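Here the structure comes first, spelled out in structure tokens, and everything after it is commentary.
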Amino acid sequence: MTEVSTIGFDLAKRVFQVHGVDGDGAVTIRRQLRRSEVVTFFAKLSPCVVGMEACASAHYWARTLAKLGHEVRLIPPSRVKPYVKRGRKNDAADAAAIAEAVTRPHMEFVPVKSEEAQAVLMLHRTRRLLVTQRTMLGNALRSHFAEYGIIEPEGQGGLARLVVCALDAPDAALPQAAREAMAMLAAHVRETDSKIDALDHEILRWHRNDADSQRVASIPGIGPLIASAIVAAMGDPKRFKTGRDFAAWLGLVPSQNSTGGKTVLGPITKAGDRYLRSLLVVGATGTLWRRRKEQGTWLAGMMARGKTARQISVALANKMARTAWAILAKGGLYHDAAAQAA
């Protein structure tokens with residue numbers, strides 16, 4: 001047990017797999033652990049490097065093992081896959097692959113999130129789930145009303161009128177069974193709206209108590225929702241050398257397909273956090289719509305070159321991400337140089 005220098009720890013719901021090697025790479029531990037045995041097992045070990053895939057519950061176990069004196073490194077699952085031996089997909093093989101991958105000198109690791117950062121991101125994920133459910137409920141309610149010739153315009157205003165028609169002022173001409181079904185859907189829509197509002201208030205409260213989130217919100221197109229998500233997801237900004245690295249981490253940079261000295265740029269890579277990337281693109285789209293008539297700006301130059309609205313909004317989202325990193329890494333607030341010059 002004292003000769004272990006590196007451990008590959010494969011996480012699971014009930015049974016965990018441990019693969020330990022010494023300084024020469026020889027296998028010293030290969031065993032399974034029940035959930036209740038994990039803390040006791042690692043408490044008996046001398047401090048060593050523990051590698052885990054950055055998956056469900058990984059941040060919790062990373063914090064727990066770090067308190068026991070171990071150096072925990074979280075690896076993206078896609079970086080572990082090349083080290084899994086061909087034709088041997090099981091927990092033991094996965095743990096061995098993790099132990100091998102964690103020792104590579106150029107391996108990329110995921111920083112361990114704090115409990116507070118995970119709590120904020122949980123608010124965002126819950127809100128995203130409820131928004132998706134509200135969209136599904138709204139589409140179902142619209143389609144049911146359309147079967148009886150009742151149509152309202154797109155948007156939240158039209159949906160709100162359908163909810164009132166289903167709950168507060170039901171049409172007596174509709175069959176009783178149809179009115180009951182629509183009332184159930186409308187009640188779910190109204191309840192989901194109230195839950196989303198409660199989450200928005202909680203996110204806003206956290207934003208007002210966090211100085212970094214408030215500084216990021218000074219960027220045009222970024223509000224409390226996007227700012228809080230950026231601060232919680234980024235963690236320590238110093239782990240990115242430049243803002244371009246942060247934009248690449250979000251998948252907001254063009255993919256490359258280059259050979260023979262010829263560089264060919266394709267669509268964005270869409271790597272990283274899809275939720276945060278979509279928030280930035282939505283915020284950039286709103287900024288583009290508000291400033292589309294300005295002259296002499298970077299946006300005006302992009303439009304003059306014939307770029308499409310989506311290309312401009314994605315490019316602006318990339319710029320917003322780089323600006324957010326600069327503010328968090330170097331301090332200060334956002335200042336619009338073009339507006340000051342004008």
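Quick notes
- Near pairs, Cβ below 6 angstrom, 6+ apart or cross-chain, from the range 237-254 (closer than 17 Å to Gln311 by Cα and in contact (Cβ under 8 Å) with a residue 12 or more places away in the chain) to any residue that is in a loop (DSSP other than H, G, I, E, B) and of a type in the set (S, T, N, Q): Gly251/Thr269
- Unmet criterion (only one of (1) β-branched (Val, Ile, Thr); (2) surrounded by 16 or more Cβ atoms within 10 Å (Cβ to Cβ); (3) within 32 Å of the chain's Cα centre (by Cα)) for Val264: (2)
- Residue in the range 320-334 that is closer than 20 Å to Ile226 by Cβ, open to solvent by 70 Å² or more (accessible area, probe 1.4 Å) and touching a Phe, Trp or Tyr at 6+ places or on another chain (Cβ under 9 Å) present: yes
- Here Lys270 meets each of (1) at negative phi; (2) without any contact (Cβ under 8 Å) to a residue 40 or more places away in the chain; (3) of a type in the set (Lys, Arg) with one exception, condition (1).
- Any hit, the range 134-141, residues being under 21 Å from Leu279 (Cα atoms), touching a residue at least 24 places away in the same chain (Cβ under 8 Å) and either open to solvent by less than 90 Å² (accessible area, probe 1.4 Å) or touching a helix residue (DSSP H, G or I) at 6+ places or on another chain (Cβ under 9 Å) (or both): yes
- The range 77-97, residues that are touching a strand residue (DSSP E or B) at 6+ places or on another chain (Cβ under 8 Å) and of a type outside the set (Gly, Ala, Ser): Pro77, Val80, Asp91, Asp94
- Within the range 2-17, the set of residues being over 16 Å from Ser57 (Cβ atoms), touching a Gly at 6+ places or on another chain (Cβ under 9 Å) and either not hydrophobic (A, V, I, L, M, F, W, C) or not in a loop (DSSP other than H, G, I, E, B) (or both) comprises Glu3, Ser5, Thr6, Ile7, Gly8.
- A single entry from Ile203, Ile196, Ile230, Ile226 fulfils the requirement of being of a type in the set (Val, Ile, Thr), more than 30 Å from Ala140 (Cβ to Cβ) and either open to solvent by less than 20 Å² (accessible area, probe 1.4 Å) or in contact with a helix residue (DSSP H, G or I) (Cβ under 9 Å, 6 or more places away or on another chain) (or both): Ile230.
- All of Thr40, Thr126 fail the test of being under 30 Å from Ile226 (Cβ atoms), modelled with pLDDT of 95 or more and open to solvent by 50 Å² or more (accessible area, probe 1.4 Å), apart from Thr126.
- Considering the conditions (1) touching a residue at least 12 places away in the same chain (Cβ under 8 Å); (2) more than 28 Å from Leu174 (Cβ to Cβ), His106 is excluded by exactly one of them, (1).
- In the range 270-280, the qualifying residues are those that are within 14 Å of Ala317 (Cα to Cα) and not aromatic (Phe, Trp, Tyr), and the one that is most open to solvent (accessible area, probe 1.4 Å) is Arg274.
- Matching residues, the range 210-221, being open to solvent by 10 Å² or more (accessible area, probe 1.4 Å) and more than 16 Å from Gln118 (Cα to Cα): Ala211, Asp212, Gln214, Arg215, Ala217, Ser218, Pro220, Gly221
The values are calculated or read from the model by the stated rules, or taken from the named source; none is laboratory data. None of these values were measured; they are calculated from a predicted model. Note: ideal-geometry Cβ built from the backbone for every residue, glycine included; neighbour counts use all protein chains shown. These area figures cover heavy atoms from the full protein model, side chains too; ligands, DNA and RNA do not enter into them. Shrake-Rupley method; radii C 1.70, N 1.55, O 1.52, S 1.80 Å.
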